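No value in this document is a laboratory result; all are computed from the given coordinates. Predicted, not measured: the structure shown is a model, and the values here were computed from it. Cβ: placed from backbone, ideal geometry, glycine included. Neighbour counts: every protein chain shown.
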Amino acid sequence: MTESKLPNFKIFDLYDLSEIKVEDPGLVSAINLEPKLILKSQGRNVSKFGQAKTNVVERLMNKLAVSGHRNKKHRIEKGDATGKYTKNMKIVLEAFRLIEKRLKQNPVQVLVKAIENAAPRDETTIVEYGGARYPQAVDVSPLRRVNLSLKHFCHGASDKAFNKKKTLAQGLAEEIIMAYEDNGESYSVRKKKEAEAQADSAR
């Protein structure tokens, strides 16, 4: 009796995730590439380390929905993204279409490589010792590395599209491509280098 083989799902019936590899060993546990036809967890993974169970494409879409938060300040951001799943996922899929057209590669593989290039390894925290506060360099956890890079993609996309002729999808595609190429003009790569430089000076 032969085993019945499950069909190989492509996300949205467009992009195959089966051959995508995460090269950074530190991020293997934090980047979920589980193939599902529709990426919609509907908040079921809200638990400790629950984000690691959510597909990385859906996490990017979720970050788009809450853009506008920069540290403790609220900035006016490009208003295309709302809390609507359909609208936000359309922006992500349009960005993927632009990436595929330009690079002739699977855009999810491009996204994974961009996350690896834009994820900071070190950052600073404040420690209090004897009444004085000092910056202290710390390692960044794998889950936070992915979250920071996705957040910076969305902020960089918003900066590229706000009050300009580009759409948010075009800005997102451009930001991911520049991070994929490890381009110094990328907002996310710039933020990574800033965080690591601050951590080096705080050792």
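Listed by chain and number, the lysines placed with their C-alpha closer than 26 angstrom to that of Lys164 are Lys63, Lys72, Lys73, Lys78, Lys84, Lys87, Lys90, Lys101, Lys151, Lys191, Lys192; residues fewer than eight positions away on the same chain are left out.
If you place +1 on the Cβ of every Lys and Arg and -1 on the Cβ of every Asp and Glu, how big does the dipole about the Cα centre of the chain come out, in debye to the nearest 20? Before the final figure, lay out the partial values.
Details: 37 positive and 26 negative charges, 180 e Å.
So the dipole magnitude of the chain works out to roughly 860 debye.
Length, then width, then depth: along the principal axes, the Cα atoms of region 5-61 run 32, 29, 23 Å. Stretching the chain fully between Lys10 and Ser201 yields a gain of 64.3 nm (0.36 nm per residue, less the alpha carbon separation).
Given R₀ = 35 Å, FRET efficiency for Ser41-His74 by Cβ-Cβ distance, to 0.05?
Working from the Cβ atoms, E equals 0.85.
As a rough guide to protection, the peptides 159-171, 39-51 ranked by mean Cβ packing within 10 Å, highest first, stand as 159-171, 39-51.
Pairwise inverse Cα distances across region 10-201, averaged and inverted, put the Kirkwood hydrodynamic radius at 17.2 Å. Here the calculated FRET efficiency for Ala137 and Ser29, from their Cβ-Cβ distance with R0 = 22 Å, stands at 0.45, rounded to the nearest 0.05.
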